[in-house]
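First up is the structure itself, then whatever we jot down about it.
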Amino acid sequence: MGSRRVVCLGLFALLGLTSIVYAQELPSPSYNSVTSKRASVGSTSTWWNKYLPGSADGVVSAVTNPTARWGSFLTATRSSENMGSQDNIISDTCLGVADNTKIPHRVWCRYSEGVIPANGLYASYMGEENSVKNLAADAPALDPFSSVSGSNPSRMIVNLRLDNGLGDGVVSNKSSAYINLTNNSKATAGDGGYAKAGIVVSADALDTSTGTGTALAMGPNHAIDWYNSASTLGWRIRRSGNAGTGQIILGNNRFDLQLNEGRSQPLRATSRGVGINADPAYALDIAGAARYSYSMIAGGSSPKISGTCAATFVAGGNSAGKLNLNSTCSSTLIVLSFTQATPNGYFCDGTNESNVNALVKESADDTTSATLTVNGAANDKILYKCVGY
């Protein structure tokens with residue numbers, strides 16, 4: 001054990017750490033919360049080699065001067081000190097094995113806790129920060145297929161990767177989740193204890209030089225789910241299959257749905273309306289042919305009725321409706337004035353429901369009105385249908 005102590009003390013001295021104390025030599029309790037050698041796996045244990053082949057024997061816990069600049073304990077390594085053939089350089093490894101067949105212990109591989117006292121003075125606090133400084137060439141971009149089955153693309157640089165299994169070729173059973181955000185306090189709805197956001201991507205965190213920075217990348221058949229209650233799925237946004245392209249763009253006071261990237265938008269919603277293959281100037285703009293599988297119901301505000309002889313509006317709206325000629329009316333001119341202007345004018349046709357042989361035709365129009373010439377009798381029912389063009 002003496003030779004090991006000399007080696008360890010020399011290593012920690014190189015790292016600039018002082019006051020190294022072996023856990024097995026500490027009084028119980030120690031001044032730095034490392035309590036006796038129960039805090040270590042023991043100097044003669046080798047069972048961890050089953051899970052971490054090549055681990056050194058005699059690993060024990062150690063504490064350092066709590067006033068050290070970078071904290072009370074530090075693990076450090078650099079690849080230049082390993083000139084052998086082993087490629088994996090890992091500075092810190094946590095191994096927690098849930099192998100008790102008698103008692104169902106809850107097992108944490110690592111638990112990190114920070115406390116901010118009520119009278120604490122702090123400029124900022126982070127529970128944990130993981131930082132990588134890349135002074136070499138830019139790392140390659142990753143997509144959902146880059147690291148399937150735990151593969152490591154050449155020169156990949158990732159701050160944090162969560163996976164399941166040990167990379168030993170043995171298939172792992174399913175885990176509950178890769179990340180679980182939860183509230184560990186006694187807060188009730190509306191009280192403290194909650195985080196103000198789940199995940200925040202800083203405005204300058206991603207490369208947007210191409211116009212878009214990918215904040216979340218997922219493979220085919222993955223979804224975003226909202227639940228109504230426990231085990232009860234409510235709303236879902238999902239990608240089905242692995243063919244085709246498209247995007248949803250939330251723009252400046254507009255919403256675009258693009259299919260087959262590079263095409264003009266098949267659907268655009270703005271404050272003016274909804275356009276299909278068109279930038280809407282009206283409540284609904286359709287560029288191209290439209291087919292209706294069901295009957296359309298005339299809606300909207302009814303047109304204002306005027307003319308040489310009064311008529312009463314019965315039912316309908318801007319696009320179609322029914323009029324009743326008053327008892328003093330027969331042949332007359334009826335002017336329909338609409339609430340929505342069109343680029344060129346209105347095309348209207350009509351029928352005398354009371355006398356189908358009586359003539360009803362459009363005789364004039366402009367961008368806001370149409371004039372019908374009616375040949376009929378008092379109290380005739382007149383049907384009209386109008387389309388803006």
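List of remarks:
- Within the stretch 74-87, the set of residues being surrounded by 10 or more Cβ atoms within 10 Å (Cβ to Cβ) and under 23 Å from R110 (Cβ atoms) comprises L74, A76, T77.
- Test: A298 is of a type in the set (A, V, I, L, M) and modelled with pLDDT of 85 or more: no
- Within the stretch 327-336, the set of residues being surrounded by 14 or more Cβ atoms within 10 Å (Cβ to Cβ) and either within 14 Å of P303 (Cα to Cα) or polar (S, T, N, Q) (or both) comprises S330, S331, T332, I334, V335, L336.
- Within the stretch 100-110, one or more residues are aliphatic (A, V, I, L, M) and in the same structural domain as F73 (by TED's automatic domain parsing).
- Whichever residue in the stretch 339-364 is exposed (fewer than 15 other Cβ atoms within 10 Å of the Cβ) and hydrophobic (A, V, I, L, M, F, W, C) and, among such residues, is nearest to the chain's Cα centre (by Cα): A341
- In the stretch 106-134, of all residues being hydroxyl-bearing (S, T, Y) and within 18 Å of D92 (Cα to Cα), the one that is surrounded by the fewest Cβ atoms within 10 Å (Cβ to Cβ) corresponds to S131.
- Out of A377, A289, sole residue that is within 30 Å of Q247 (Cβ to Cβ) and either of a type in the set (A, V, I, L, M) or part of a strand (DSSP E or B) (or both): A289
- Restricting L166, L181, L135 to residues that are part of a loop (DSSP other than H, G, I, E, B), touching a Gly at 6+ places or on another chain (Cβ under 9 Å) and either among the hydrophobic types (A, V, I, L, M, F, W, C) or without any contact (Cβ under 8 Å) to a residue 60 or more places away in the chain (or both) narrows the list to L181.
- Only a single criterion out of (1) part of a loop (DSSP other than H, G, I, E, B); (2) under 29 Å from L52 (Cβ atoms); (3) under 25 Å from the mean Cα position of the chain (by Cα) is not satisfied by S149, namely (1).
- Of all residues in the stretch 299-317, those satisfying the criterion of being among the polar types (S, T, N, Q) and either crowded, with 19+ Cβ neighbours inside 10 Å or within 17 Å of G376 (Cα to Cα) (or both) are S306, T308, T312.
- Answer from G198, G219, G244 - the residue that is on the phi > 0 side of the Ramachandran plot and either part of a loop (DSSP other than H, G, I, E, B) or under 16 Å from the mean Cα position of the chain (by Cα) (or both): G244
The values are calculated or read from the model by the stated rules, or taken from the named source; none is laboratory data. If you're wondering where the values come from, they're calculated on a predicted model, not measured in any experiment. Because the Cβ atoms are built from the backbone with ideal geometry, glycine has one as well, and the counts that use them run over all protein chains shown.
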